[in-house]
Amino acid sequence: MPKTQNILTSKEMNRIRVVLAELNKKNKWLADKLGKNQATISQWCNNARQPSVETLFDIAEALDVDVRKLLVSSKYSD
């Protein structure tokens, strides 16, 4: 695996877990809403994997938030 890919997969890129907690929603709720496996949602929440851009928009719609709220700002990352 190329080094850059290791960096990307270990870096916090999304805020899905944070937004779910703010809205008092569980991974299972989001999995059911999107028709996805709970393990997939867990990987997204842990930033082990990232959803596609299209799926990120689906998540934002399900949570009724702006898609930008689901992303870590590039202006404030290390």
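The values are calculated or read from the model by the stated rules, or taken from the named source; none is laboratory data. Here the structure is a predicted model, which is why all the values come from computation and not from measurement. All Cβ positions, even for glycine, are placed from backbone atoms using ideal geometry, and neighbour counts span all protein chains on display. Ligands, DNA and RNA are excluded from the accessible area calculation, which covers all protein heavy atoms including side chains. Shrake-Rupley method; radii C 1.70, N 1.55, O 1.52, S 1.80 Å.
Data overview
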{"item": "Tally, over segment 59-72, of residues that are more than 13 Å from Asn14 (Cβ to Cβ) and either free of Cβ contacts under 8 Å to residues at least 24 places away in the same chain or open to solvent by 30 Å² or more (accessible area, probe 1.4 Å) (or both)", "result": "3"}
{"item": "Filter result for Ala48 (on the phi < 0 side of the Ramachandran plot, open to solvent by less than 80 Å² (accessible area, probe 1.4 Å) and assigned to a helix (DSSP H, G or I))", "result": "no"}
{"item": "Residue in segment 25-36 that is at pLDDT 95 or above, within 22 Å of Lys11 (Cα to Cα) and crowded, with 16+ Cβ neighbours inside 10 Å present", "result": "yes"}
